[in-house]
1. Go through the stretch 31-88 and give me each residue that's closer than 13 Å to residue 108 by Cα, of a type in the set (D, E, K, R) and under 12 Å from the mean Cα position of the chain (by Cα).
2. Within the stretch 48-69, take every residue that is without any contact (Cβ under 8 Å) to a residue 24 or more places away in the chain and touching a Lys or Arg at 6+ places or on another chain (Cβ under 7 Å) and give me the one that is least open to solvent (accessible area, probe 1.4 Å).
Amino acid sequence: SSSRRRPSSMDATAAIAAPATAGPAGRKLGRFELRQLLGRSAGCMAWRAYDPRTEQVLVLVLPRQQPADAGALSAWLDQARRGARLSHPNLAHAVEVGEQERWPYVAYDSAIGPTLAERPAPREGEAAAGRPAAGAPCKEQ
């Protein structure tokens, strides 16, 4: 039984490799260096990640739990690809949909500005403006 083996129900935060040479957060997913956990929903988590291949900082969205089987993995990726085709000025642009060691992910352009936590709180009477990710299949499973 290898320590790299991951049960299908494993939580993503525990499953992501943490080699000594990784970035500040010490976690990697394939080529991506996961630098900061930006947030979690019931079904997904978002990380600020660095891609050394493109030398860009991206937002990487992946499920909180690894898909249980090939069918669930395929369904997650299919939904992510459909969502990645959406184009709107208020949606983050998906630059890649992929899979690493049975962990599906969507990489989004981080040039959309600060996260909601980094934005100043809205003044009284103002609505909070956000820029959701386009089509990440992050509903509760």
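1. Result: 48, single match.
2. 52
The values are calculated or read from the model by the stated rules, or taken from the named source; none is laboratory data. Being a predicted model, the structure only gives us computed values, none of them experimental. Positions of Cβ are backbone-derived with ideal geometry, glycine not excepted, and every protein chain shown enters the neighbour counts. Accessible surface areas use protein heavy atoms only, side chains included; no ligands, DNA or RNA. Shrake-Rupley method; radii C 1.70, N 1.55, O 1.52, S 1.80 Å.
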